[in-house]
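S.K.: My questions all concern the structure below.
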Amino acid sequence: KSMATPQAEDAPAYEGSGATMMNGGASDFGSQEASLQANGDAKEKHRNTENLRNEFPHAFNDPESYFCTEHYCLVMVGLPAMGKTFVAHRLAKWLKFFHDVNVKVFNLGNERRQSVGVKIPHSFFDPANKENKERYCKIQRSFVRRIKTDFLVKDQVPRIAIYDACNHTKETRDWIINEMGTKIKVIFIECIVNDPAVIKGYLGEVWKTMPDYDGVDGKEASLDYKNRIKHFRQAYEPMKDPNLSWIKLIDNAESLTLNQISGYFPGQIVNFLMNLHTVPRPIYLSRHGQSQYNALGKIGGDSSLTKEGIKYAQKLARFCEKHILTGGGSETKDKDKCDNPKHARLYTSTLRRTNETVQFISHRVQEDGWVTLRQRQWRALDEIYAGVFDGMTYKEIQEKCPTAYVNRKRNKLTYRYPRGESYLDVIKRVEQVMLHMQRHKDPVVIVAHQAILRVIYTYFMGLPRETATIKPIPLNTVIKLTPYAYHTKEEKFVLHQMGKSGGHGDFAPSH
């Protein structure tokens with residue numbers, strides 16, 4: 001007769017099991033208990049031996065990205081000066097930086113310049129010129145084939161190619177679909193601008209940054225570019241095919257039309273594009289003024305500003321009045337390209353030192369009811385959390401936890417503070433602020449912390465995410481970034497110089 005009910009292998013032997021107690025005899029209890037104990041010891045020894053072996057190990061292969069697991073070719077569509085290049089590069093930056101996607105922009109204009117030269121007249125694009133048309137078509141098709149063979153199907157790694165060209169005819173788009181085949185998913189992104197004011201702004205900016213017109217007189221370049229657009233317009237066929245996957249952006253995504261778009265990754269692209277516009281406007285980045293922990297060399301915490309920090313806060317308020325709200329300064333001829341500089345917005349973290357830094361900024365109510373630089377606090381802009389090391393100096397961390405100190409020095413991007421955050425965690429939470437902010441056409445002022453501003457700066461400058469861990473963002477300095485199609489313009493304004501009493505100075509330790 002069995003003395004115990006069957007148990008799972010990992011379940012511990014229970015002293016005085018139900019079966020034993022029901023059998024009831026006090027004389028049998030000791031022998032039964034000893035038998036069960038011996039059996040339990042044997043099983044425990046067996047388990048300990050088994051645990052030393054792993055006959056079926058989990059082979060972990062770190063993927064390129066969990067965000068996208070297939071091959072995609074995103075094909076831009078539209079006339080020149082519709083913002084295609086701007087959209088292509090901003091989309092690529094977002095995919096690469098925030099989601100670590102293997103993505104690359106392929107610009108047909110650059111390929112054409114290498115083949116036929118930079119300084120070519122608008123007549124080269126005239127569809128009536130059959131010789132040039134065939135030459136241009138040959139360049140295009142050779143380029144698309146190399147995008148496929150040298151990048152998209154180079155190996156089994158999921159990749160995304162963004163093909164930046166006009167692709168303005170149905171014939172061209174059908175050929176691209178056939179060339180890519182069934183294993184590469186193709187999504188067309190068409191940019192259309194009907195607003196005359198927006199078109200005028202594009203024409204005034206695009207030719208200034210295009211390599212084709214480098215060193216060319218302004219009037220001559222503008223006239224040639226307008227004639228080039230006319231040539232493309234003659235053969236332009238908007239996206240209409242109901243069987244293709246396409247996204248149509250009209251007037252800076254004021255209107256968005258989708259066709260055959262489904263799935264997680266395409267849906268995320270739509271989410272990004274619907275919050276994007278192509279109007280250049282400045283983004284001002286500033287660390288908080290010097291805090292008490294900055295002066296002591298401590299990281300993290302929620303301390304107040306020092307006297308030097310208060311001085312910077314006062315100077316930042318004056319900078320907002322004289323520079324930001326005037327569109328780049330009253331004496332500046334090259335004004336900021338934004339809708340209304342007086343509609344500037346202010347973002348801060350929720351921590352004490354950033355809120356004290358913006359305390360002197362005026363919030364006047366404009367005639368249209370707009371509150372100037374009204375503050376919006378974001379927890380997503382709080383400094384990287386140092387966990388158990390919060391409030392310590394680097395020297396203290398090195399002395400008390402040398403292994404953790406070395407590990408973080410070795411790889412700051414992926415290292416997570418014990419009970420705290422890593423830079424990858426920060427990148428993830430900052431993304432929501434960037435998606436929200438990029439919809440604004442007015443200046444944005446961000447007063448935050450070094451780790452946060454490192455992430456934002458690196459994203460807009462198109463730098464690798466590893467750079468976010470080492471890029472110095474000094475105190476007492478405003479960094480002005482203005483994104484354009486081919487580059488992001490950077491300017492720096494040092495507003496305050498700290499003396500010897502400034503503790504650790506403008507480069508106070510901070511993650």
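The values are calculated or read from the model by the stated rules, or taken from the named source; none is laboratory data. This structure is a prediction, so every number in the text was calculated from the model and none was measured. All Cβ positions, even for glycine, are placed from backbone atoms using ideal geometry, and neighbour counts span all protein chains on display. Only protein heavy atoms, including side chains, enter the accessible area calculation; ligands, DNA and RNA are left aside. Shrake-Rupley method; radii C 1.70, N 1.55, O 1.52, S 1.80 Å.
S.K.: Each residue of segment 130-144 in order: what ³J(HN,Hα) in whole Hz does its phi give by Karplus 6.51 cos²θ - 1.76 cosθ + 1.60, θ = phi - 60°, with x for Gly and Pro?
M.R.: My calculation for segment 130-144 gives 5, 5, 5, 5, 5, 5, 5, 5, 5, 4, 5, 5, 5, 5, 5 Hz in order.
S.K.: Heavy atoms only, 1.4 Å probe, whole protein assembly: order TYR385, TYR312 by accessible area, highest first.
M.R.: TYR385, TYR312
S.K.: Using θ = phi - 60° and the Karplus relation 6.51 cos²θ - 1.76 cosθ + 1.60, list the HN-Hα couplings for segment 85-94 in order, rounded to whole Hz, with x at every Gly or Pro.
M.R.: After applying 6.51 cos²θ - 1.76 cosθ + 1.60, I find 5, 4, 4, 4, 6, 5, 5, 5, 4, 5 Hz.
S.K.: Which percent of the accessible heavy-atom area of segment 293-442 goes to carbon and sulfur, probe 1.4 angstrom? Provide the component values of the computation, followed by the final result.
M.R.: Details: 3690 of 7620 Å².
Accessible surface attributable to carbon and sulfur in segment 293-442 totals 48 percent.
S.K.: Follow-up question, since we're still on this one. Which far-off residues, 5 or more places away or on another chain, put their amide H under 5 Å from the one on SER291, with H placed in the peptide plane?
M.R.: THR306
S.K.: How would ASP251, ASP150 rank on accessible area, largest to smallest, probe 1.4 Å? Please list the in-between numbers first.
M.R.: Details: ASP251 40, ASP150 95 Å².
The ordering from most to least exposed comes out as ASP150, ASP251.
S.K.: Near the amide H of VAL77, under 5 Å away, which other amide H atoms are found, from residues 5 or more places off or on another chain, if H is placed in the peptide plane?
M.R.: Under 5 Å from the amide H of VAL77 lie the amide H atoms of ILE189, GLU190, CYS191, each far enough along the sequence or on another chain.
S.K.: Where nothing but the Cβ of Lys and Arg (+1) and of Asp and Glu (-1) is charged, how large is the charge dipole of segment 171-244 around its Cα centre, in debye to the nearest 20?
M.R.: Magnitude of the dipole: close to 160 debye.
S.K.: Related question: Hey, if we sort GLU490, GLU308, GLU254, GLU131 by accessible area with the 1.4 Å probe, largest down, what's the order?
M.R.: Accessible-area ranking of GLU490, GLU308, GLU254, GLU131, largest first: GLU131, GLU254, GLU490, GLU308.
S.K.: In what sequence, highest mean first, do 456-467, 411-422 appear when ranked by Cβ atoms within 10 angstrom?
M.R.: Numbers: 456-467: 17.5, 411-422: 15.7.
So the order, starting with the most tightly packed, is 456-467, 411-422.
S.K.: Mind checking which lysines have their C-alpha under 24 Å from LYS307, skipping anything on the same chain fewer than 8 residues away?
M.R.: Excluding near neighbours in sequence, the set is LYS298, LYS315, LYS322, LYS492, LYS500.
S.K.: Turning to a different aspect of this structure: Of the beta bridges DSSP finds with both residues in segment 311-447, what % are antiparallel, to the nearest 5?
M.R.: Of the beta bridges lying entirely in segment 311-447, close to 10 percent run antiparallel.
S.K.: Oh, and also: Please give the solvent-accessible surface of CYS401 in Å², to the nearest 10, using a probe radius of 1.4 Å with every protein chain present.
M.R.: 50 Å²
S.K.: Which percent of the Cα-Cα distances in segment 263-390 go past 19 Å? Don't skip to the answer; put the middle values down first.
M.R.: On the way: 4900 of 8128 pairs.
Above the 19 Å cut-off, segment 263-390 has 60 percent of its Cα pairs.
S.K.: Right, another one. Tell me, what is the 1.4 Å probe accessible area of LYS130, in Å² to the nearest 10?
M.R.: Approximately 150 Å² for this residue.
S.K.: Determine the per residue accessible area of segment 88-196 with all protein chains present and a 1.4 angstrom probe, expressed in square angstrom. Numbers along the way, then the final one.
M.R.: Values: 5240 Å² over 109 residues.
Per-residue value: 48 Å².
S.K.: Determine ³J(HN,Hα), in whole Hz, for all residues of segment 314-326 in sequence, where each value follows from phi through the Karplus function 6.51 cos²θ - 1.76 cosθ + 1.60 and θ = phi - 60°; x replaces Gly and Pro.
M.R.: Ordered by residue, 3J(HN,Hα) equals 5, 6, 5, 4, 5, 4, 4, 5, 7, 10, 5, 6, 9 Hz.
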